[in-house]
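Inspection log for the structure reproduced underneath, given as structure tokens.
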Amino acid sequence: MKSAVIVFPGSNCDRDMAVALEKITGTKPLMVWHQEYDFDKVDFIALPGGFSYGDYLRCGAMSARSHVMKEVIKRAEDGVPTFGVCNGFQILTETGLLPGALMRNANLHFVCKDVTLTVENADSMFTNAYDKGQEITIPVAHHDGNYFADDETLNRLEGEGQVAFKYASDINGAQRRIAGVMNARGNVLGMMPHPERMIEPALGGSDGRKMFESVMNRLG
Amino acid sequence: MKARIHVTLKNGVLDPQGKAIEHALSNMGFDGVNEARQGKFIELELSETDRAKAEASVDEMCRKLLANTVIENYSIELE
């Protein structure tokens, strides 16, 4: 599986993502700088965590309008599996590829710890290696992970199986404890927790690995 | 021409920073603040001289970048 990691000024989990992708897929990902207009054809695009553009204006707002994102949006709309973690999730909501928005944590604290997630949909491109209802442990590290969407959108997301993961207990005020959502087509996933940081026992666990393996299963 | 833009959270969207401001004011002894909401103020210096064109252009800037209309409202004043 060929993958690309998009790198913005202020990304700081791009190398974690690259290590995880190389270890799991066996192929070094392409690192694509935000000023690029185009990049080689890949099977998987990852938007890493961090504080792109210093979170100016709103988290992810500047990155969502960068040159490279025009190409990412086009490919995501063509069906290329596209995955955003943390700041990457914020960027995906800012582009409109994913519904909703990520706001300041309700308790105003930066939350940095391992959390328990429940797998809400185990049939998707990103979650088919998990079991539905399975509890997994994945770290979070964010200040703005409080997922917000109006009730109608939330009902639709839950009804259509677009909620991939929920927090087992509330950590940031997210509506309906949503930790990760997919687009209607199911080829774009954004999540606040960092599966790339939980890919082998040396890192404290390997529950994140199956997220990447799910995509590999689906791509064959 | 100057454009002054206020970006505010929509009603019903929780504003944790506004809440913290409200609590701080109350702790400082300022009574009678029932609610605080925090927003953004953005000032643009425009080269456009036609008011209608400027308004249309700033409105597009707000929709495409300055405000996230999922959670925020915006208002524009031209001068």
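Pairs under 7 Å by beta carbon, first residue touching a residue at least 12 places away in the same chain (Cβ under 8 Å) in segment B:25-43, partner surrounded by 10 or more Cβ atoms within 10 Å (Cβ to Cβ) and assigned to a loop (DSSP other than H, G, I, E, B), six or more apart or different chains?
From residues that are touching a residue at least 12 places away in the same chain (Cβ under 8 Å), the pairs are B:Arg37/B:Asp15; B:Gln38/B:Asp15.
Can you report the number of residues in segment A:99-124 which are open to solvent by 30 Å² or more (accessible area, probe 1.4 Å), more than 30 Å from B:Glu22 (Cβ to Cβ) and in contact (Cβ under 8 Å) with a residue 40 or more places away in the chain?
Going through segment A:99-124 one residue at a time, the tally reaches 3.
Quick one: in segment A:82-98, of everything that is in a loop (DSSP other than H, G, I, E, B) and crowded, with 24+ Cβ neighbours inside 10 Å, which residue is farthest from the chain's Cα centre (by Cα)?
Among them, the one singled out is A:Leu98.
Could you list, in sequence order, the residues of segment B:48-64 that are over 13 Å from B:Tyr74 (Cβ atoms) and either within 17 Å of the chain's Cα centre (by Cα) or touching a residue at least 24 places away in the same chain (Cβ under 8 Å) (or both)? Give the derivation first.
First, the residues of segment B:48-64 that are over 13 Å from B:Tyr74 (Cβ atoms): B:48-54, B:56-57.
Selection gives B:Glu48, B:Thr49, B:Arg51, B:Ala54.
Go through A:Thr95, A:Thr82 for me and flag whichever is within 14 Å of chain B (Cβ to nearest Cβ), closer than 22 Å to A:Ala184 by Cα and of a type in the set (Ser, Thr, Tyr).
A:Thr95 is the lone residue from the list that is within 14 Å of chain B (Cβ to nearest Cβ), closer than 22 Å to A:Ala184 by Cα and of a type in the set (Ser, Thr, Tyr).
All but one of (1) farther than 30 Å from B:Ile21 by Cβ; (2) surrounded by fewer than 22 Cβ atoms within 10 Å (Cβ to Cβ); (3) within 14 Å of chain B (Cβ to nearest Cβ) hold for A:Leu157; which doesn't?
All conditions are met except number (2).
From the list A:Leu189, A:Leu157, which one is modelled with pLDDT of 95 or more, closer than 29 Å to A:Asp55 by Cα and in a helix (DSSP H, G or I)?
Answer to the check: A:Leu157.
What number goes with the only condition from (1) of a type outside the set (Ser, Thr, Tyr); (2) within 13 Å of chain A (Cβ to nearest Cβ); (3) touching a Gly at 6+ places or on another chain (Cβ under 6 Å) that B:Cys62 does not pass?
All conditions are met except number (3).
Go through segment A:192-218 and report how many residues are assigned to a helix (DSSP H, G or I) and either among the small types (Gly, Ala, Ser) or open to solvent by 50 Å² or more (accessible area, probe 1.4 Å) (or both).
Residues in segment A:192-218 being assigned to a helix (DSSP H, G or I) and either among the small types (Gly, Ala, Ser) or open to solvent by 50 Å² or more (accessible area, probe 1.4 Å) (or both): 11 in total.
Restricting attention to segment A:99-125, and to residues there that are assigned to a loop (DSSP other than H, G, I, E, B) and within 15 Å of A:Pro193 (Cβ to Cβ), which single residue is nearest to the other protein chains (Cβ to nearest Cβ)?
Residue satisfying both the conditions and the ranking: A:Asn105.
From the set of residues in segment A:1-41 that are outside any loop (DSSP other than H, G, I, E, B) and of a type in the set (Gly, Ala, Ser), which is farthest from A:Val215 (Cα to Cα)?
Looking at residues that are outside any loop (DSSP other than H, G, I, E, B) and of a type in the set (Gly, Ala, Ser), I get A:Ser11.
Take B:Ser75 and decide whether it is more than 14 Å from every other protein chain (Cβ to nearest Cβ), surrounded by fewer than 16 Cβ atoms within 10 Å (Cβ to Cβ), part of a helix (DSSP H, G or I) and not hydrophobic (A, V, I, L, M, F, W, C).
Working: more than 14 Å from every other protein chain (Cβ to nearest Cβ): yes; surrounded by fewer than 16 Cβ atoms within 10 Å (Cβ to Cβ): yes; part of a helix (DSSP H, G or I): no; not hydrophobic (A, V, I, L, M, F, W, C): yes.
Against the criterion (more than 14 Å from every other protein chain (Cβ to nearest Cβ), surrounded by fewer than 16 Cβ atoms within 10 Å (Cβ to Cβ), part of a helix (DSSP H, G or I) and not hydrophobic (A, V, I, L, M, F, W, C)), B:Ser75 does not qualify.
Being facing chain A (nearest Cβ under 10 Å) and touching a helix residue (DSSP H, G or I) at 6+ places or on another chain (Cβ under 7 Å), is that true of even one residue in segment B:17-28?
no
Which of the residues that make up segment A:56-79 are more than 13 Å from every other protein chain (Cβ to nearest Cβ), open to solvent by less than 50 Å² (accessible area, probe 1.4 Å) and outside any loop (DSSP other than H, G, I, E, B)?
Hits for segment A:56-79 are A:Val68, A:Glu71, A:Val72, A:Ile73, A:Arg75, A:Ala76.
Show the residue pairs that are 6+ apart or on different chains and have beta-carbon atoms under 9 Å apart, the first residue being within segment A:145-168 and without any contact (Cβ under 8 Å) to a residue 24 or more places away in the chain, the second being of a type in the set (Ser, Thr, Tyr).
none
If I go through segment A:125-142 residue by residue, how many of them are open to solvent by less than 50 Å² (accessible area, probe 1.4 Å), in contact (Cβ under 8 Å) with a residue 24 or more places away in the chain and not β-branched (Val, Ile, Thr)?
The qualifying residues number 8.
Being open to solvent by 100 Å² or more (accessible area, probe 1.4 Å) and polar (S, T, N, Q) is the filter here, so list the residues in segment B:20-37 that pass it.
The answer is B:Asn27, B:Asn34.
The values are calculated or read from the model by the stated rules, or taken from the named source; none is laboratory data. Here the structure is a predicted model, which is why all the values come from computation and not from measurement. When we count neighbours, we look across all protein chains shown, and the Cβ atoms used for this are built from the backbone with ideal geometry, even at glycine. We work out accessible area using only protein heavy atoms, side chains counted, and drop any ligands, DNA or RNA first. Shrake-Rupley method; radii C 1.70, N 1.55, O 1.52, S 1.80 Å.
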